[in-house]
Amino acid sequence: MAIRPILVIPDARLRAVCDPIIAVDDEIKALAKDMLDTMYDAPGIGLAAPQVGVMKRIVVMDLAGEDEPPAPLVMINPEITAFGEEIQVTEEGCLSIPELYYEVERPSSVTVKYTDLDGQEVTKDADGRLAVCIQHELDHLDGVLYIDYLSRLKRDRVIKKFDKAAKRAAG
Ligand code: K2U
Ligand code: ZN
């Protein structure tokens, strides 16, 4: 059980493009476990490796309800191979942009291809909240944050708020 610190904007690592994973080895399996521990502790329903400072293409999520058994998903080198035509508007938050929630428009369904922890290639169709979470987490692997889909005014206001907080913390 290892809970890792979650990076908060304006940390530059949250804007980097992450590297593909070459082998699903013990290091990656331990990282996935730490990411799930960190996500459950936050609590959140998804987490991407750059949010804990690891610039690798791996995300975790668990959308099981509170009264359901955990249903962890680990996606290594995930790619969205198809987007549905319909759009859904949902409220999003981000563990790296704490305590703010805004409505975001995204395709309501996706097809995602990834490698699982057993090294097997998986193709999965998703809709609803899972589709939102997949898009949100995969954006993190390319340095894209959900605030980038807001109006420039709203996004700049969020960035300014966290820049100010970071300057105050630096003293
Ligand atoms: O990547 C993250 O920061 C984790 C997010 C993922 C997420 C955000 C919005 C919608 C779906 C997934 C966290 O789980 S943030 C906490 C949260 C949980 C439920 C709904 C909204 C935000
Ligand atoms: Zn996020």
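The values are calculated or read from the model by the stated rules, or taken from the named source; none is laboratory data. In this text the structure is predicted, and so the values were computed from the model without any measurement. Every residue, glycine as well, gets a Cβ built from its backbone with ideal geometry; the counts of neighbours run over all protein chains shown. Only protein heavy atoms, including side chains, enter the accessible area calculation; ligands, DNA and RNA are left aside. Shrake-Rupley method; radii C 1.70, N 1.55, O 1.52, S 1.80 Å.
Residues in the chain average 55 Å² of solvent-accessible surface per residue, probe 1.4 Å, ligands and nucleic acids excluded. Highest average first, the peptides 126-138, 19-31 ordered by how many other beta carbon atoms sit within 10 Å of their residues are 126-138, 19-31. Size of the chain from its Cα atoms: along the principal axes, largest to smallest, the extents are 46, 38, 34 Å. Cross-link candidates for Lys160: which lysines have Cα within less than 29 Å, leaving aside residues fewer than 8 places away along the same chain? Qualifying lysines at Cα under 29 Å: Lys56. Of the accessible area of the chain, computed with a 1.4 Å probe over protein heavy atoms only, carbon and sulfur atoms account for 51 percent.
The spacing between region 63-95 and region 126-151, judged by their C-alpha centroids, is 9 Å.
With the simple spin-label model, which puts each label point 7 Å out from Cα in the Cβ direction, the Asp116 to Thr90 separation comes to 2.1 nm.
A dipole drawn for the chain from +1 and -1 charges on Cβ atoms has a positive end, and of Ala30, Leu100, Ala2 the residue lying farthest that way is Leu100. Per residue of the chain, the DSSP helices (runs of n ≥ 4 H) give a summed -39500 (n - 2.57) that works out to -9500 deg cm²/dmol at 222 nm.
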